[in-house]
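Undergrad: Input: one structure, supplied below.
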Amino acid sequence: MNVIAVFALILIVTMNVAIRIMKNKNSSRNAIFKLNSTSTKWLLIGYVAILGVFTIVAACISPKDPSYEKVAAEKIEQFVDFYPTLSQGNEEEVPAHLVEGKWSKKLVSNTFKIVNDNSYSLPLTLFVERVENTDGIMEASLYKGLDIINDYEVRDYMEDIELEWTDDKLTIKEKKNPPISLSFFHYDYLFKQLKEERANTLKHMSSHGPALYIKVPKSVALDIDENTVYVIVES
Amino acid sequence: MSLNEVSLIDVVRKQVHFKWKSYTGIFQSLLILQILGLFISTLGEGSMSEPGYGRSISVQYYSSSILVGMTAMWLFINSMLLTTSAYREDDFTFVSTRWSRLLANFTFIISLALLGTVTSFLSMNVLKVYLFIKNDELILTNSLTFFETISSLVVLLSYLILICAAAYTIGSIIQRNKWVGFGLSMLLIVLGAISVDYEGTPINFLIYFIMFDSSLMLLLFKLSLANGFLFFISWMVSDNQEVRV
Amino acid sequence: MIECKKLSKKYRSHSALSNLNCTIQENTITGVIGRNGAGKTTFMKLIAGYLKKTSGELHVMEENPFTSLKVSANSIFIDDQMSLPTSLNLKELLNSFARFYPNWNEPLANELMTYFQLPQKAYMQNLSKGMRSTFQAIIGFAARCPLTIYDEPTTGMDAAVRKDFYRALLKDYLAFPRTILLSSHHLEEIENLLENVLIIHDQKAFMHLSVSELKESVVAVKGEKAAVNEFASMHNKLSINESFPGMAMAVVQVNNYIRRENFPHLTFSNLTANEAFIYLTDSREGGIDRVFERSELD
């Protein structure tokens, strides 16, 4: 919004100056812009110098974030697979680096409650597997998700999710972090003409949400809110 | 007293030097238009926002096209203004013939185009720095390697020279005969409008012929040919131009 | 230096010059004189290479001035409509001229600027008309081009500056001879300066002769009406009117020397070149008095 205000201000100033110059065509003393040769020369040199400074600054700034690269296709492939894998209970087949966190809780009581603290649906996909009695120990694994915009990964995505474990309750919270804003800067067609990249980069988004896989003993009564959507794993 | 013999190259060089010194309005308008272009570029090309899995993600797109477009517009307008009578009479006050004036104007235009490419390319960095400061994440898609930078700058330069040559030719035609020039500009505008809508017309073929070429040498050759052709037409038209009628 | 044969310049609506013949030698000061709209400026612009001739032959320095680089480099055209860029001040303008013209005399230019009190850092638009003309005259002096053309250079100048201008023109011409074409409406001021006069009348070169020949070619005759009439009928009568009843004065164009002793009843007097020019080119019989006489009759 403030950009538009500045733009409008510039427009008004320019029009004022133009009108004033046109009125005072014969007395260049009153003209705001001195149209003489030396001032223009210095103006031009100064402008190019400022541009040079900005170029150097831009060159220094950009290597600070080197990790922004396009997501490789193989990485995406991993995420495509792991939902069906998990839903069949094959936790072992999911690659280990996708695990964000593992918990192992000893249950005290015989009931366990899973609460969704969000106003909307869960920020992750909940997989529940009822396992045989394992001395009242419940295990959970949190698997990473992937959010892609135009083939670039949105980072800090997992910080949204907060799991709060108490003795008999798991609360899945979502931190209200400020919205992520991404800016893409690209050189237009002219610069790409020789590289034969004719089509504009398609603008697309895709996302694979994270998954929480909980193994609850069959002896424990699981209380999950009716409105919560979860997947029951049939092994 | 004896008459001085002067060489054409000498006169052209002096005229170009004179133009660089005295056409201050052109350079000031470059600054103004580029700064304006920068401001407009910060508005971005489009944006998207998505609620996502909880957090909202907003995406904005920025590109270099507005800056390049502004520079092209600056060059177009000023090349056309170079043919008007005020500039023409200024030239003839000093040593000049029509041929030397044409050569000097083309040399001046080429140097203006060079200035335009360099400044527009460098000013994109101003945009990048501004975006770095303003946003938390800035992603530079299709960054250019060094060699790509040079070659694409050469391509940009050739395109700008083409635009200048076209503007100068149209300007000369208008100076010679107002109605023919006006009709020609109308024709070009109509053809341009048609080519946007319809694929496969001859105009489109011409545009694609130039724009879809990906070999540097061939592209430069085609553009040089087009520039030479326009230069020839300018010469034909402005050969008999009278001054101070 | 300049040769014209049957030179014509026609525009769509009218014709400016037709069948003009003249030859102008090198290193002379020639005044180009004519009535308003006679075609002087057109003639000079054709020589300078600004306009293109419609027909005929025109050679300046043995080349076509419209396309020749040599003519442009060796000639300069000064008039009150000189188109100078508005972004340069006077000093920078002088520097620009210095770069283009190899004979440029910088000390002379600076001295003249100081003498005429023209500020070096001023801009053309801020000067008065007279100062602008002075500046343009200075350019003409300092450039020292082999062909210098002045088209009414003294418009707007006050009398003192005009006097200085003529004096400077003569002095610089003597120091550095070149071909000068000078057109002015004040022939009486410059007739002492000029060597030759080219009178353009009716779009033709009416006369091209030296100033002294011009003066000798016209003579004023006063005396009794009958005698004056008789004399006038023998020669080309230009004008005649009655000053007193019975007495008349006539202006007559003579081709050769008159023996004044043969005409004892008549008084002869010489005219200045300016008056000679006026009578020679005046096509209306009786002059402006006729307009008022006719209106009185109504």
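Undergrad: With angles folded into 0 to 90 degrees, how steeply does helix B:146-176 sit against the dominant principal axis of chain B? Use alpha carbons for both and round to 10.
TA: Compared with the principal axis, the helix lies near 50 degrees.
Undergrad: Here is a further query. Calculate how steeply helix B:24-41 sits against the longest principal axis of the alpha-carbon atoms of chain B, using the helix alpha-carbon long axis, and give the answer as 0 to 90 degrees to the nearest 10.
TA: 20
Undergrad: With 10 angstrom as the radius, rank A:14, C:155 by how many other C-beta atoms surround their C-beta, starting from the fewest. Don't skip to the answer; put the middle values down first.
TA: Working: A:14 12, C:155 15.
Going from least to most buried by this count: A:14, C:155.
Undergrad: Based only on other Cβ atoms within 10 Å, what is the fewest-to-most ordering of A:42, C:104?
TA: Values: A:42 10, C:104 18.
Neighbour counts put them in this order, fewest first: A:42, C:104.
Undergrad: Using just the helices of chain C, give the 222 nm mean residue ellipticity in deg cm²/dmol: DSSP H runs with n ≥ 4 each add -39,500 (n - 2.57), and the total is spread over all residues, rounded to 500.
TA: On the way: 11 runs with 107 residues, N = 298.
Helices in chain C give a 222 nm mean residue ellipticity of -10500 deg cm²/dmol.
Undergrad: Now for a different question. Can you give the convex hull volume per residue for the Cα atoms of chain B, as a whole number of Å³?
TA: 176
Undergrad: For chain C, set up a Gaussian network in which alpha carbons nearer than 10 Å are linked by springs, and say which option among C:143, C:159, C:276 fluctuates the most.
TA: C:159
Undergrad: Starting at 0 and stepping by 5 Å, how many percent of the alpha carbon pairs of the stretch C:78-235 end up in each bin?
TA: Histogramming the stretch C:78-235 at 5 Å steps yields 2, 7, 16, 18, 17, 12, 8, 6, 5, 3, 3, 2, 1, 0 percent.
Undergrad: What helices does chain C hold that run 20 Å or longer along their axis, going by alpha-carbon atoms, with a Kyte-Doolittle average of -1.0 or more, using DSSP H for the helix calls?
TA: On the way: long enough: C:129-143 (21 Å, 0.51); C:159-175 (24 Å, -0.05).
The qualifying helices are C:129-143, C:159-175.
Undergrad: More than 26 Å apart: what percent of Cα pairs in the stretch C:1-137 qualify?
TA: On the way: 3336 of 9316 pairs.
The calculated P(r) of the stretch C:1-137 puts 36 percent of pairs beyond 26 Å.
Undergrad: Given H placed 1.01 Å from N in the peptide plane, which residues other than close sequence neighbours of residue C:29 have an amide H under 5 Å from its amide H?
TA: Here the answer is C:180, C:195, C:196, since their amide H atoms fall under 5 Å of that of residue C:29.
Undergrad: Something else now. In straight Cα distance, which lysines are under 29 Å from residue A:192, not counting same-chain residues fewer than 8 positions off?
TA: Those lysines meeting the cut-off are A:64, A:70, A:75, A:203, B:128, B:134, B:222.
Undergrad: Separate question: Roughly how large, in nm² to one decimal, is the mean projection of the convex hull of the alpha-carbon atoms in chain C? Intermediate values should be presented prior to the final figure.
TA: Working: hull surface 77.4 nm².
Taking a quarter of the hull surface, the average projection is 19.4 nm².
Undergrad: Right, here's the next one. Can you tell me the dipole magnitude for the stretch C:72-223 around its Cα centre, using point charges on the Cβ only (Lys, Arg +1; Asp, Glu -1), in Debye to the nearest 20?
TA: On the way: 14 positive and 17 negative charges, 67 e Å.
With Lys and Arg at +1 and Asp and Glu at -1, about 320 debye.
Undergrad: Exactly which trypsin sites (Lys or Arg not before Pro) in the stretch C:3-109 are in a DSSP loop and have at most 12 other Cβ atoms within 10 Å? Working shown, then result.
TA: On the way: sites: C:5, C:6, C:9, C:10, C:12, C:35, C:40, C:45, C:52, C:53, C:70, C:91, C:99; in loops: C:12, C:35, C:52, C:53.
Qualifying residues, ordered by number: C:12.
Undergrad: How high is the relative contact order of chain B, given as a whole-number percent (alpha carbon pairs under 8 Å, six or more residues apart)? Could you put the intermediate results ahead of the total?
TA: Values: 199 pairs, mean separation 55.8, N = 245.
It rounds to 23 percent for chain B.
Undergrad: Would you calculate a helix-derived [θ] at 222 nm for chain B, using -39,500 (n - 2.57) for each DSSP H run of n ≥ 4 and dividing by the full residue count, to the nearest 500?
TA: On the way: 9 runs with 181 residues, N = 245.
About -25500 deg cm²/dmol.
Undergrad: Suppose every Lys and Arg Cβ carries +1 and every Asp and Glu Cβ carries -1, with no other charges. What dipole size does chain B come out with about its Cα centre, to the nearest 20 debye? Before the final figure, lay out each step's value.
TA: Values: 14 positive and 15 negative charges, 123 e Å.
Magnitude of the dipole: close to 600 debye.
Undergrad: Over the stretch C:123-199, calculate the relative contact order: mean separation of alpha carbon pairs under 8 Å at least 6 apart, over the residue count, as a percent. Before the final figure, lay out the partial values.
TA: Values: 59 pairs, mean separation 27.1, N = 77.
Reported relative contact order: 35 percent.
Undergrad: Shifting gears a bit: Could you work out the local net charge near residue C:110, counting Lys and Arg as +1, Asp and Glu as -1, over the other residues with Cβ closer than 14 Å to its Cβ? Provide the component values of the computation, followed by the final result.
TA: Working: positive: C:91, C:121; negative: C:92, C:106, C:111.
Summing Lys and Arg as +1 and Asp and Glu as -1 gives -1.
Undergrad: Among C:156, C:50, C:118, whose Cα projects farthest towards the positive end of the dipole of the stretch C:2-202, with charges put on the beta-carbon of Lys, Arg (+1) and Asp, Glu (-1)?
TA: About the Cα centre, the residue reaching furthest to the positive side is C:50.
Undergrad: Neighbouring Cβ atoms within 10 Å as the yardstick, rank A:185, A:54 fewest first. Don't skip to the end; give the middle numbers.
TA: Details: A:185 24, A:54 19.
The fewest-first ordering by Cβ neighbours comes to A:54, A:185.
Undergrad: Something else: Using Cα atoms only, what is the angle between the long axis of helix B:8-22 and the major principal axis of chain B, expressed in degrees (0 to 90) to the nearest 10?
TA: For helix B:8-22, the angle is close to 50 degrees.
Undergrad: Oh, and also: Using DSSP, restrict attention to beta bridges with both residues in the stretch C:2-202 and report what percent are antiparallel, rounded to the nearest 5. Display every interim value, and only then the final one.
TA: Numbers: 13 of 32 bridges.
Approximately 40 percent, going by the DSSP bridge assignments.
Read-outs throughout are calculated quantities, based only on the coordinates presented, and are distinct from any laboratory measurement. Bear in mind that the values here come from a model prediction, so they are computed numbers and not experimental data. Here the Cβ is made from the backbone with ideal geometry for all residues, glycine too, and neighbour counts use every protein chain on show.
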